[in-house]
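So the structure is just underneath, and the comments pick up after that.
What follows draws every value from the coordinates through simple rules; no lab data is involved. Please read these numbers as outputs of a predicted model, since none were measured by experiment. Note that we place each Cβ from the backbone using ideal geometry, even for glycine, and neighbour counts take in every protein chain shown.
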Amino acid sequence: MLSVASFPMGNDLLLREMINNLLDNALRYTPDGGRVTARVVAQGDFVLLEIEDSGIGIADEDAHKVFDRFFTVLMAPAWRAAD
């Protein structure tokens with residue numbers, strides 16, 4: 001599950017693209033019959049966005065790579081070994 005406690009003031013287009021990418025990845029990597037849940041909750045002056053799925057997940061040792069350009073779990077050794 002990815003939670004973003006608040007959105008910075010910023011470019012609406014880029015924020016929209018980020019949310020679209022998160023939802024696209026959740027849908028793309030969740031197997032048939034799986035679940036994708038998106039929640040938006042107001043918390044005082046902030047908005048909490050949560051996108052949760054029942055997909056393959058990210059191994060703890062690969063979590064630091066999620067912001068590397070073009071990194072996918074499919075590149076991770078644990079995923080390749082399962083093929």
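Each peptide in 28-41, 54-67 was scored by the mean count of other Cβ atoms within 10 Å over its residues; highest first, the order is 54-67, 28-41. Fully extending the segment from Ile56 to Asp24 would add 10.1 nm, taking 0.36 nm per residue of separation and subtracting the current Cα-Cα distance.
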